[in-house]
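Below you'll find the structure, written out as structure tokens, and then a few comments.
The values are calculated or read from the model by the stated rules, or taken from the named source; none is laboratory data. Because the structure is predicted, anything quoted here is derived from the model rather than measured. Neighbour counts run over all protein chains shown; Cβ positions are idealised from the backbone, glycine included. Side chains included, ligands, DNA and RNA excluded: accessible areas come from the protein's heavy atoms. Shrake-Rupley method; radii C 1.70, N 1.55, O 1.52, S 1.80 Å.
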Amino acid sequence: QVQLVESGGGSVQPGGSLRLSCAASGNISSINTMAWYRQAPGKEREMVAIIRSGGSTTYADSVKGRFAISRDNARNTVYLQMNSLKSEDTAVYYCFIRAPFAYWGQGTQVTVSS
């Protein structure tokens, strides 16, 4: 059994910042990919950022230069630093890991509104 616990969501004004965290625990042998996805109302879930075991990263075009993904392998934790937030960033954000099977977090709401 693997559990992913997310934290750090909330409400912020446009231009503000938030930092999401996702800690994995349970029967984990090794974590390869860690990622964040998001799903806005009425839209499909989309990839936001990926960080691989070697440290390489991939970002959605819409967040490049504003978001930064990082990981702490000793704590089995992945982070998403979100700066210069826009209203279109409003969504439920989901943590994802592959270890080696795929696991999802429960989601955390991020609302960007004035």
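The figures follow:
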read-out: ³J(HN,Hα), Karplus 6.51/-1.76/1.60, whole Hz, each residue of segment 29-34, x for Gly, Pro; value: 8, 7, 9, 8, 8, 10
read-out: Accessible surface, per residue, of the chain when the full set of protein chains is kept, probe 1.4 Å, Å²; value: 52 Å²
read-out: Carbon/sulfur fraction of accessible area - the chain, other protein chains in place, 1.4 Å, %; value: 46 percent
read-out: The chain - Debye-derived log10 I(q)/I(0), Cα point model, q = 0.13, 0.20 Å⁻¹; value: -0.44, -1.02
read-out: Which of M47, I97, G15, positive extreme of dipole for the chain (C-beta unit charges); value: I97
read-out: Loop-resident sites, segment 1-72, for GluC sites (Glu not before Pro), counting at most 15 other Cβ within 10 Å (DSSP); value: E44
